[in-house]
Each structure stands twice: as C-alpha cells, then as structure tokens.
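Accompanying notes for the structure given below.
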Amino acid sequence: MPLAFCTIHCSVFAMGTMTGSFVRQVTAKPKPLPEEIHFDGKTAIVTGANIGLGLESSREMVAHGLSRVILGVRNVESGNIARNTILASSPKCDVEVWEVDYESFASIMAFGARASKLNRLDIAILNAGIKVMEFSQSKTGHEKNVQVSLPYPSRTAINHLGTALLSLLLLEPLKRTAEETGAPSRLTFVTSEVHFWTPFNEKNSASILARMDEEDSFNKSDAIERYSTSKLLGVLWTRELAKKADEKKILMNCVNPGICSTSLYRADPTPGIGLLLKLLAWSPAMGAHTLTNAVAYHDGKQGAYLSEQRVTSPSAFVVSAEGEEVQKKLWDETIAVFREEAPTLSSQIC
Ligand SMILES: NC(=O)c1ccc[n+]([C@@H]2O[C@H](COP(=O)([O-])OP(=O)(O)OC[C@H]3O[C@@H](n4cnc5c(N)ncnc54)[C@H](OP(=O)(O)O)[C@@H]3O)[C@@H](O)[C@H]2O)c1
C-alpha cells in the first residue's frame, strides 16, 4: 500500500505534470547565490534585461561582484531605467544598455558584431522571450513565438530563431574568453517546464519551421501550445549546440525558472491566470535565482536541463530516439534559415 501510494504520488507530482509544477511552486523556494560566489572581473550579457527575470538576474550577478553587464533590450529607454536601478545599489559596475530586437535578424547580427569586439565575455543568459497567444507574424515573417522574430510569418519564432541566432554569434567571444582565462565561459538558455506540455504536431512535417509559420498550424483552442512548442525548440537547440561545443570552453545549459509573476503574462487571456499567479507565482527575484544558479554551478553537465536549481530530465520526447532525430532536423532547418537570412554567419559557424 505505501508503495502504491508512493507510485501514484510520484507520477502525479512528477516533473512535467501540471499538478507537479503547481505543487513544486508552493513547496520549493529558489535560493539566492551564497555569499562565496563572486563574478569579479567578469563580463555578462543578459537579454530581455530591462524587466523581469533578466533584470533581476543581472542585478544579482552585479551584487556578487560582476564587473560589467550588458543589458540586451529592445527598448533602450526602458533599458536605461533598468540600468539606473542597478547602479543605484551597485555604482561601481559597468552597466551598459545595448539594443537588440529578436524580431529582426539585422538587429541580432548587429548585436553579435558588437559583442565580438568585447575584450571578454564570460557569461551569456539568453532570456528574452514572449508568450503570444494568437497567431501573428514577426517583422521577419515567422510566427512570433518561434521567431521573437525573423523573416517569415510567425512570432513564436522569436523564442527560438532569435535566441538560436544570437547563441551562434556569441560563441566566438565566449570561447576566446575561455581560452584566455582557462575557465569555461557560460551560456544559459531560459526555457520552461511547459516544453513538456506540447503535442508538437509539427514535428513530422516536411519542414517544422515552415509548418509553424502556417496559420492553420496554430491551435486556437489551446493557445499556449505554440508558446510551449517554442520553449521545446529551445531545449532541443541547447542540446544540439551543446553536443557540438567543447564544454571546457563553453558550458551550456537551459533552465526552467518556474512560474514567476512577470509581464510575460501581459497578453495571456487564460481565465483565472491572475489568481493562479497570485497563489503560486514566485517573485521575479526568486525566479532569477534559478538563472544565476545555472551560470554559477553545474560544471561538467554540458547541455543539461535545470529545474528547481538542479539537473533533471527534460521531457520524455526530448530524450527519446525520435526526439534526437527531430533535434537534428531542427538544427539543419534553423541553420538553413540563417544561411538565407544572415549569410555572413555561415562562414563562421555553419
Ligand atoms: N515568468 C514565468 O513564469 C516564466 C516561466 C517559464 C519561462 N519563462 C521565460 O523566462 C524568460 C523571461 O521572461 P519573464 O518572465 O522575465 O518575462 P518578461 O518580464 O515579459 O520579460 C521578457 C523580456 O523579453 C523581452 N523581449 C520580448 N520580445 C523581445 C524582442 N522581440 N526582442 C528582444 N527582447 C524581447 C522583453 O522586452 P520588453 O520589455 O520590451 O517587452 C522583456 O525584457 C522568457 O524567455 C520566458 O519565456 C518565464
């Protein structure tokens, strides 16, 4: 009987179940970095750093001695307000605001070119993201969730295409810094537990990305599905990129920050979402502890998925043989998009 209870308990509350996620929100509490963690002398880039988890994780690293932080933001005015709030408590840090719009390949390329001139880059947290609950296309034409935004018709693309392109552009300064310092640089992708919750119906399409840009692929009766898929693409991208990278030079992982009360939910019309956040959500600062944990710990765990500040398994699909095949397909498709949209990248990476 106790064994049966345990089995039921474990399966209901397991990672990737909605109940499990809700229970862990009230039973777990992310811990801030301990005092002994120092980032002195280091430079970090954090995207989506004007508000929410990006701002709070920047603030926490700065409080632990980070010498220079680059806030990657699409709205410079809002970035400058964020900069001032960080400087108010840590005036010695070099806090810079750089414009980057994930909806524009050109903007990402310009950001990457600027980053390549940095004398060092020890840490990158690719955090910018959106949750778009209706079909819409980014400036690039991709569905918005997929883009956060490249040249096709879909916005979920922001979460995948924008993040993926920037990750490739940051490899050079991250690697160069590791070679100079003798310690691996860190690249963290912000993903989500919702990656467990998508049926990912596009996975068997001739082209996953092209299918996601078609309006009839967007499930209007379950509008979070596309966002969830975009976060799944992020997990797959992290794992494939990590396979190709030397973990002694760049240590990569992806992190589920938990449910946090941020403006991510600004356009989420789900009934009861406000109450749910009130009851379960962690503060942005608490969620940010999971991001800073991801860049400060987990040495030797290349490509890991982190949740509640520990390495854990991503979804069953991700670790399946089919998941691995789809992961490679997604890589090839994504690189093909970049070859077309960002041709100067191809000679460096592809
Ligand atoms: N909050 C949660 O419960 C939760 C749970 C799981 C995962 N996440 C992930 O955590 C990350 C941070 O989200 P958050 O919760 O902190 O939400 P947030 O407060 O809305 O922050 C999102 C950030 O992304 C930026 N962004 C949006 N579109 C962009 C674009 N086209 N180009 C550049 N930046 C763009 C936003 O800039 P603007 O201010 O200009 O819009 C903002 O700085 C996201 O990747 C999200 O998917 C959050």
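The values are calculated or read from the model by the stated rules, or taken from the named source; none is laboratory data. What you are looking at is a predicted structure, and each value in this text was computed from that prediction instead of being measured. Reconstructed Cβ throughout: ideal geometry from the backbone, glycine too, with neighbour counts over all protein chains shown. Accessible surface is based on the protein model in full, side chains and every heavy atom, while ligands, DNA and RNA are left aside. Shrake-Rupley method; radii C 1.70, N 1.55, O 1.52, S 1.80 Å.
Stretching T17 away from S283 to a fully extended chain increases their span by 93.6 nm, per 0.36 nm per residue minus the current alpha-carbon distance.
Per residue, region 36-346 exposes an accessible area of 38 Å² to a 1.4 Å probe, with every protein chain left in place. By the helix-only formula, in which each DSSP H run with n ≥ 4 contributes -39500 (n - 2.57) and the sum is divided by residues, the chain has a 222 nm mean residue ellipticity of -13500 deg cm²/dmol. Working from Cα pairs under 8 Å separated by at least six residues, relative contact order for the chain is 17 percent. Given +1 at the Cβ of Lys and Arg, -1 at the Cβ of Asp and Glu and no other charges, the dipole of region 36-346 around its Cα centre is 560 debye to the nearest 20.
With the Kirkwood sum run over all distinct C-alpha pairs, region 206-293 has a hydrodynamic radius of 15.7 Å. Within the straight-line cut-off of under 26 Å between alpha carbons, the lysines reachable from K144 are K131, K203, K220, K231, K328, K329, sequence neighbours fewer than 8 places apart in one chain being disregarded. With 20 Å bins beginning at zero, the pair-distance distribution over Cα atoms of the chain amounts to 32, 61, 7, 0 %.
For M15, the solvent-accessible surface computed with a 1.4 Å probe is close to 40 Å², ligands and nucleic acids excluded.
Taking all protein chains as shown and a probe of 1.4 angstrom, L118 keeps an accessible surface of around 10 Å². Using a probe of 1.4 Å, the accessible surface attributed to R59 totals some 70 Å² when neighbouring protein chains are kept in position.
Considering only protein heavy atoms and a probe of 1.4 Å, how much of the accessible area of the chain is carbon and sulfur, as a whole percent? Display every interim value, and only then the final one.
On the way: 8140 of 14570 Å².
C and S atoms contribute 56 percent here.
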